[in-house]
Amino acid sequence: MKSEIGVPSLIEIGVPSLIEIGAILRNRRIHDVTPVLSPETPMFGPAPAPQVEPFVQHATHGAASKNWTIHEHTGAHVDAPYHFDPQGASVDLLPADVLFLRPFKKFDLSSFALQPGQEASLEQVVTVANRDGLTLEAGDVAIVDFGYEKYLPGGSLDLGASWWGLNQPGMSEEACKYFAAARVCAVASDTPACDVAVVDGQMSGGTGHTHHFLPQGILIVEGLIGLCDVPATGLFAALPLKLAGGTASPIRVLLLTD
């Protein structure tokens, strides 16, 4: 079947239909790297954990529903440019597909065992890129795996939810510039504040938030889990909520790999 102007249809030239594309994606391995939200969810610094209370209950109303009070920056979430840039887009103004089926490249920095307050250097990032054959393209999601999940409650080095939220490595300004220069659409991490280095609540660095990511329209995704089981490349899929004027939104993040 040809179009009215004589150009072969997508089906004729062998491009898969949307149904076929859906089947292909469903047959990929899906990694859910999203933590469960609850009143016990670890939070960054002084941010309040979710609060949940019954609204109606089965015993008295024949159905159940709950009221949730959730900070924007809870669990796996995306920071909108407006978080640090008063002229930047709020989360409800982000394109619907901004984090949907984007290629990702995972930079596994876990072997460096960076400690709270330390910053991942450009040399370390480039070393991992060369080791794993990673080349960032415009529109990719760069995932930085610090190996920090082990400090979460239940992890092999569990130091408590409050410790995790007050202590983390970050990224040097040169490392932030490296990701920004590639024109990625987002930089993601398994820590609560991505490029910000924190020791006992005292913050340093953070030039991705203040200069190189958010003000340049590059989103920040934080709070991922389970990255150690994820291959170095694949597809990133997440959808932010349309929170009017929001600085961030909780998201469910799925990583699709071969």
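The values are calculated or read from the model by the stated rules, or taken from the named source; none is laboratory data. Quick caveat: nothing in here was measured; it's all calculated off a predicted structure. Here Cβ is always computed from backbone atoms with ideal geometry, including for glycine, and neighbour counts include all displayed protein chains.
A few points about this structure:
- Failed criterion for residue 135 (all others in (1) loosely packed, with under 14 Cβ neighbours inside 10 Å; (2) under 16 Å from residue 190 (Cα atoms); (3) β-branched (Val, Ile, Thr) hold): (2)
- Qualifying residue in the stretch 208-224 (condition: touching a strand residue (DSSP E or B) at 6+ places or on another chain (Cβ under 6 Å), of a type in the set (Phe, Trp, Tyr), at pLDDT 95 or above and in a loop (DSSP other than H, G, I, E, B)): yes
- Check on residue 176, part of a helix (DSSP H, G or I), under 21 Å from residue 131 (Cα atoms), touching a Ser or Thr at 6+ places or on another chain (Cβ under 6 Å) and not acidic (Asp, Glu): yes
Listed here are the residues, each with its yes/no results for (1) buried (at least 23 other Cβ atoms within 10 Å of the Cβ); (2) farther than 21 Å from residue 171 by Cβ.
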position: 205; (1), (2): yes, no
position: 210; (1), (2): no, no
position: 215; (1), (2): no, no
position: 224; (1), (2): yes, no
position: 236; (1), (2): yes, no
position: 241; (1), (2): no, yes
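- The single residue among 193, 188 that is closer than 19 Å to residue 240 by Cα and assigned to a loop (DSSP other than H, G, I, E, B) turns out to be 193.
- Any hit, the stretch 107-117, residues being modelled with pLDDT of 95 or more, crowded, with 16+ Cβ neighbours inside 10 Å and among the aliphatic types (A, V, I, L, M): yes
- The strands (runs of 3 or more DSSP E) found wholly in the stretch 16-104 and carrying at least 2 residues that are surrounded by 14 or more Cβ atoms within 10 Å (Cβ to Cβ) occupy 29-32, 77-79.
- Yes/no for residue 138 being in a loop (DSSP other than H, G, I, E, B) and either more than 26 Å from residue 40 (Cβ to Cβ) or of a type in the set (Lys, Arg) (or both): yes
- Residue 86 of a type outside the set (Val, Ile, Thr), at pLDDT below 95 and more than 20 Å from the chain's Cα centre (by Cα): no
- Some residue of the stretch 143-157 being under 19 Å from the mean Cα position of the chain (by Cα), without any contact (Cβ under 8 Å) to a residue 12 or more places away in the chain and assigned to a helix (DSSP H, G or I): yes
- Test: residue 180 is closer than 19 Å to residue 112 by Cβ, buried (at least 18 other Cβ atoms within 10 Å of the Cβ), at pLDDT 95 or above and not β-branched (Val, Ile, Thr): no
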